[in-house]
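This report refers to the structure that appears directly beneath it.
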Amino acid sequence: MQSTPSTADQILAQARTLLLAGGYNGFSYADIASRIGIRKPSIHHHFPSKAELVHVLVERYRQEARWGLAELERSTPSPALQLQRYVGYWESCIADGTAPLCVCALLASEMPQLPDDVAAEVTGYFRDLSTWLAALLERGAAQGEFQLVDTPGVEAEALMASVHGAMLSARAYGEPEVFGVVMKRALERLAPS
């Protein structure tokens, strides 16, 4: 039996949807209230400020990402297959519209306007992902699954930029398949010759 999401969870879910559609400044508590069918003071009861709401949203997003990457490592022994599944996850999310863009990638484009605690969580997300990718690439290179041109850290940053850039290109063109095309080339570049 599935339980009904709490009001706070509903607020966070709507905030995430609205954030992905219009960015940090692209939604208000009134937008959330009308979507859930509650009054604005109810939102303030759970999240006194928009900054706090988005901070909690990004903090949870970051926790979900950490959990997902740890689960990927537990369930998939091959670094190359882990990377393919990570890219495949995003390709699927972009294709079906469930997550057309990484929340933190979107917020990173708005860093100068973000409250400090939200910006710190966004930066933390990128550090977490970069660290995971660098370790994955290093393990894969040691096992002969990847051929790195530069250090694992530099390669991780390039790969991370490719993933997020491919998301933006898919969104800009309105063509989800662009993500897969770009990422296929990025993955081929890492393959041993």
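The values are calculated or read from the model by the stated rules, or taken from the named source; none is laboratory data. In this text the structure is predicted, and so the values were computed from the model without any measurement. In this analysis, Cβ positions are derived from the backbone assuming ideal geometry, glycine residues included, and neighbour counts consider all displayed protein chains.
Restricting the search to the range 87-135, which residues are assigned to a helix (DSSP H, G or I), in contact with a Phe, Trp or Tyr (Cβ under 6 Å, 6 or more places away or on another chain) and either more than 18 Å from Leu159 (Cα to Cα) or not aliphatic (A, V, I, L, M) (or both)? Glu91, Cys104, listed by residue number.
I'd like the residue in the range 43-70 that is in contact (Cβ under 8 Å) with a residue 12 or more places away in the chain and surrounded by fewer than 17 Cβ atoms within 10 Å (Cβ to Cβ) and, out of all such residues, is farthest from the chain's Cα centre (by Cα). This residue is His44.
Each residue in the range 136-160 was checked for being free of Cβ contacts under 8 Å to residues at least 60 places away in the same chain and part of a loop (DSSP other than H, G, I, E, B), and 6 pass. When the residues of the range 167-179 are filtered to those that are without any contact (Cβ under 8 Å) to a residue 40 or more places away in the chain and hydrophobic (A, V, I, L, M, F, W, C), the one that is surrounded by the fewest Cβ atoms within 10 Å (Cβ to Cβ) is Ala172. Only residues that are among the small types (Gly, Ala, Ser) and either at positive phi or exposed (fewer than 15 other Cβ atoms within 10 Å of the Cβ) (or both) were counted in the range 71-84, giving 2. Restrict the check to the range 71-78 and report whether at least one residue is in contact with a Ser or Thr (Cβ under 8 Å, 6 or more places away or on another chain) and either free of Cβ contacts under 8 Å to residues at least 12 places away in the same chain or more than 20 Å from Thr17 (Cα to Cα) (or both). Checked against the condition, which is being in contact with a Ser or Thr (Cβ under 8 Å, 6 or more places away or on another chain) and either free of Cβ contacts under 8 Å to residues at least 12 places away in the same chain or more than 20 Å from Thr17 (Cα to Cα) (or both), the range 71-78 yields no hits at all. You will find that of Leu159, Leu136, Leu148, the residue that is modelled with pLDDT of 95 or more, over 30 Å from Lys50 (Cβ atoms), of a type outside the set (Lys, Arg) and more than 19 Å from the chain's Cα centre (by Cα) is Leu148 and no other. Would you mind telling me which numbered condition in (1) surrounded by 14 or more Cβ atoms within 10 Å (Cβ to Cβ); (2) part of a helix (DSSP H, G or I) Ile38 fails? Result: Ile38 passes all but (2).
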